1. Being over 19 Å from Ser151 (Cβ atoms) and touching a Phe, Trp or Tyr at 6+ places or on another chain (Cβ under 7 Å) is the filter here, so list the residues in the range 1-40 that pass it.
2. Does any residue of the range 155-162 turn out to be crowded, with 21+ Cβ neighbours inside 10 Å and of a type in the set (Val, Ile, Thr)?
3. Do we find that Thr207 is of a type in the set (Ser, Thr, Tyr), within 27 Å of Glu155 (Cα to Cα) and at pLDDT 95 or above in this structure?
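The values are calculated or read from the model by the stated rules, or taken from the named source; none is laboratory data. Since the structure is predicted, the reported quantities are computational estimates derived from the model, not experimental observations. Don't worry about glycine lacking a Cβ; one is built from the backbone with ideal geometry, like all the others, and counts go over all protein chains shown.
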Amino acid sequence: MSKKVVLVGCGNMGYAMLEGWLKTGRLKPVDITVVEPADALRHRAANLGCAAVPTAADMAPGEPALVIFAVKPQVIREVIAEYKALAGGKTAFLSVAAGTRIATFEQILGDVPVIRCMPNTPAAIGKGMMVVVGNGRVSADTMAFVTGLLSASGEVATIDDEGLMDAVTAVSGSGPAYIFHFIECLTAAARAAGLPDDTAALLAMQTVYGAACLAAESREDPAVLRRQVTSPNGTTAAALEVLMGGDKMKSLLTEAVEAARRRSVELG
């Protein structure tokens, strides 16, 4: 299949994806057209060697394999409408706009292949978690092409039920904020224990980073890794009695994720 791609929007997420495709060789600059009305954002895309235009009307004639919408949800409906001319052919449409359901694209574009993606902010440094779901018109080849592109920004998982996207949003979409807050809290606890500010911040940050890397690279279950660190009646055991006693942390996180999931449903 053709590798021609139109990237609509070259803000933080769009530009991060663009850089990832080029750095990993998944696409070449000649394969990509960027549509971005903001001069500064359009120029940085052009500096990577890609065709960059201010509006859909300025694109060169042709039928891309994929149009990717990386714009804010507030403007997604009006932006989608600008690409009606590509509906009904071989072009598929991918959205990374938060909360925009597949039905929105179908209402505006008609019977077209649509894939919805929920990324998270670590995708900006190639460490993201992207979850995708497509409608019934997305071919296996198209889905493989899309997941290959997205993998330049991190890990990719596919689901079959779009209704699960609210849970995805609550776990991986909002999840980085939970981890950032944990780092804040661990830093504050380190300071309260008497460590200097800079040392407290470094210990908290590197401990979370190192533990996450070990969990990702180890073949062991996180529960096994936890037990390996925890000597009977030791310091870690004393701390975990506070965190795990009465399933405190588990209950709190479950409640937090459910609150985020419910809010995602409301916003949708």
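1. Once the filter is applied, which keeps residues that are over 19 Å from Ser151 (Cβ atoms) and touching a Phe, Trp or Tyr at 6+ places or on another chain (Cβ under 7 Å), the range 1-40 yields Val8, Gly9.
2. Checked the range 155-162: no residue is crowded, with 21+ Cβ neighbours inside 10 Å and of a type in the set (Val, Ile, Thr).
3. In short, yes.
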